[in-house]
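Q: Quick one: the structure is below, and I'll ask about it shortly.
The values are calculated or read from the model by the stated rules, or taken from the named source; none is laboratory data. Since this is a predicted model, take the numbers as computed values, not measurements. Because the Cβ atoms are built from the backbone with ideal geometry, glycine has one as well, and the counts that use them run over all protein chains shown. Areas reflect the complete protein model, heavy atoms only, side chains present, ligands, DNA and RNA absent. Shrake-Rupley method; radii C 1.70, N 1.55, O 1.52, S 1.80 Å.
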Amino acid sequence: MKTKISGVELRRIAMPLVAPFRTSFGVETTRDVLLVRVVTTDHEGWAECGAMSEPRYSSEYVDSARHVLRRFLIPALPKDGLDVHEVGRVLEPFTGHRMAKSALQTAVLDAQLRDADQSFGSYLGAARDRVPCGVSVGIMDSVPELLDAVERYIAEGYVRIKLKIEPGWDLGPVRAVRERFGDDLLLQVDANAAYTLSDAQHLAGLDDFGLQLIEQPLANDDMVQHAALAKRLRTPICLDESIKSAAHAAAAISLGACSVINIKPGRVGGYLEARRIHDLARAHGIPVWCGGMLETGIGRAANVALAALPGFTLPGDTSGSSRYFATDVTKPFVLSDGHLEVPTGPGLGVEPRSDVLDEVTTSSEWISM
Ligand code: NPQ
Ligand code: MG
């Protein structure tokens, strides 16, 4: 199926967070997001770029995504129309910039699915109509403050808690949460690459707390060291930043660098590559779950659809809109019994609200095809 694009809008928005979000690489108070809108003959397609304003989680950042889209990726699209699979092929000669590529491909996919009257979930192969949700809890100033936050999220229905950790904020907070909320709480931690292999003994201290997994303890390019660390921990290792493609996933699995994978479509270049990783992991018996990049409703809608695939056997970071934003740019995603419903409407199944968007827009540019 061919979708003919007349132009692309790159719109940058500033979304205030309900509370500062602190990780091992810094504190965020506002989510600076790049949105991509492709305009076709009959429809629009929307997508959200996962890049942060600074290159900390990965080498991409909002300005770099905007630039590579305008200068290379959008001009590479064939003028006479294209199929979503062709987007991947024409962008492949450009190295890296996977979040930017993902946003463009996802916007084309949204337009194409709206044309075909098919939902993201149905297109990707969703196996259920709602997904269980976890929440990612930032680093706090004190343990009592952390316990309050976790208590609120449990009361809201979240079925799994993920604590952000870093050296100096690890064993103590994890022990406190485990003692306060009991052994039945699904609990995991995310280090965002804050440790080195010389911390192996210290990290083995986490083995006492019955964690689901430890996410990305070591640096992004330390696949071999993750394999070495895995031999020294009982807690399963999950990779996030290290897995940028299905090829990386295959390498990590055969090295024994991880036994769980966090899939973020932006990080791996799009939903089609995300599905390839899901398929590969499933064939190897490796559980996957859907990560999050503080998405607005636009990115969240597609992630919830992905998280409904059969290999997503662990609750993801697909939280409700209110976890991050007082006002979302779509109808808010609201947890019900710890789950979010997979949208069923055509494409993403959500509509950006133009009044909200206009209020948060900081810049916009139009690129004609
Ligand atoms: C992770 N996300 O799994 C990421 C990292 C992360 C939900 O824990 C602004 C934008 C700040 C994106 C901080 C979660 C961010 C961000 C952390 C992503 O590693
Ligand atoms: Mg992570």
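Q: Skip the ligands, DNA and RNA, and give the accessible area per residue of the chain with a 1.4 Å probe, whole Å².
A: Working: 14360 Å² over 369 residues.
For the chain, the per-residue accessible area is 39 Å².
Q: What is the dipole size for the chain, taken about its Cα centre, with +1 at each Lys and Arg Cβ and -1 at each Asp and Glu Cβ, in debye to the nearest 20?
A: On the way: 38 positive and 48 negative charges, 150 e Å.
The calculated dipole for the chain is roughly 720 debye.
Q: Classify the range 84-153 from the C-alpha gyration tensor, please: rounded if a/c falls under 1.5, else prolate or oblate depending on whether a/b exceeds b/c. Don't skip to the answer; put the middle values down first.
A: Values: a/c = 4.27, a/b = 1.80, b/c = 2.37.
Oblate.
Q: Still on this structure: Semi-axes of the equivalent ellipsoid for the chain, please: Cα gyration tensor eigenvalues, times 5, square-rooted, ordered largest first, whole Å. List each step's numbers first, then the result.
A: Numbers: eigenvalues 219, 97, 72 Å².
Semi-axes (√(5λ), whole Å): 33, 22, 19.
Q: Okay, moving on. Rank these residues by their accessible area, most exposed first, probe 1.4 Å: S24, S364.
A: On the way: S24 35, S364 70 Å².
Listed by decreasing accessible area, they come as S364, S24.
Q: Using only the Cα atoms of the range 185-253, construct the convex hull and provide its projected area averaged over every direction, in square nanometres to one decimal. Numbers along the way, then the final one.
A: Values: hull surface 17.5 nm².
One quarter of the hull surface, i.e. the mean projection, equals 4.4 nm².
Q: Probe radius 1.4 Å, ligands and nucleic acids left out: which of T318, T30 has the largest accessible area, and how do the rest follow? Before the final figure, lay out the partial values.
A: On the way: T318 5, T30 60 Å².
So, going from the largest accessible area down, we get T30, T318.
Q: Please compute P(r) over all alpha-carbon pairs of the range 1-122, binned at 5 Å starting from zero, and give each bin as a whole-number percent.
A: 2, 11, 21, 22, 17, 13, 8, 5, 2, 0
Q: Follow-up question, since we're still on this one. By the gyration tensor of its Cα atoms, with a ≥ b ≥ c the square roots of the eigenvalues, what is the shape of the range 21-91: rounded for a/c under 1.5, prolate for a/b over b/c, or oblate? Before the final figure, lay out each step's value.
A: Numbers: a/c = 2.96, a/b = 2.11, b/c = 1.40.
Because a/c hits 1.5 or more and a/b exceeds b/c, the range 21-91 counts as prolate.
Q: What is the Cα centroid distance between the range 1-53 and the range 314-362, reported in whole angstrom?
A: If we compute the Cα centre of each part, the gap is 13 Å.
Q: Sticking with this one: Any idea what the relative contact order of the range 227-323 is, in percent, if you count C-alpha pairs under 8 Å spaced at least 6 apart?
A: On the way: 130 pairs, mean separation 22.8, N = 97.
The value is 24 percent.
Q: Can I ask one more? Heavy atoms of the protein only, probe of 1.4 Å, neighbouring chains included. What is the accessible area of H67 in Å², nearest 10?
A: Around 90 Å² of this residue is reachable by solvent.
Q: Round to the nearest 10 and report in Å² the accessible area of W169, as given by a 1.4 Å probe over the protein chains' heavy atoms.
A: Ignoring ligands and nucleic acids, W169 comes out at about 30 Å².
Q: Restricting to Cα pairs below 8 Å that are 6+ residues apart, what does the relative contact order work out to for the chain? Please round to a whole percent. Present the calculation step by step, with values, prior to reporting the outcome.
A: Numbers: 810 pairs, mean separation 83.8, N = 369.
Over the chain, the number comes to 23 percent.
Q: At a 10 angstrom cut-off on C-beta neighbours, averaged per residue, how do the peptides 3-11, 355-363 rank from highest to lowest? Write out the running numbers ahead of the final one.
A: Details: 3-11: 18.9, 355-363: 13.4.
For the peptides 3-11, 355-363, the packing ranking is 3-11, 355-363.
Q: Ordering K244, K164 by how much accessible area each has at a 1.4 Å probe, largest first, what is the list? Write out the running numbers ahead of the final one.
A: Details: K244 75, K164 15 Å².
Listed by decreasing accessible area, they come as K244, K164.
Q: Can you give the accessible area of D184 in Å² (nearest 10), computed on protein heavy atoms with a 1.4 Å probe?
A: Result for D184: roughly 150 Å² accessible.
Q: Can I ask one more? Using Cα atoms only, what is the angle between the long axis of helix 143-156 and the major principal axis of the chain, expressed in degrees (0 to 90) to the nearest 10?
A: 50
Q: Report, to the nearest whole %, how much of the accessible area of the chain belongs to carbon and sulfur atoms, 1.4 Å probe, protein only.
A: Details: 7080 of 14360 Å².
On the chain, the fraction of accessible area on carbon and sulfur atoms equals 49 percent.
Q: Which of K79/K101; K162/K231; K2/K331; K164/K231 have a Cα-Cα distance over 26 Å?
A: On the way: K79/K101 17 Å; K162/K231 23 Å; K2/K331 30 Å; K164/K231 23 Å.
Violating the 26 Å Cα-Cα cut-off are K2/K331.
Q: If you don't mind, another one. When the convex hull of the Cα atoms of the range 284-355 is projected onto a plane and the area is averaged over all directions, what value comes out in nm²?
A: Details: hull surface 21.4 nm².
Hull-based average projected area comes out at 5.3 nm².
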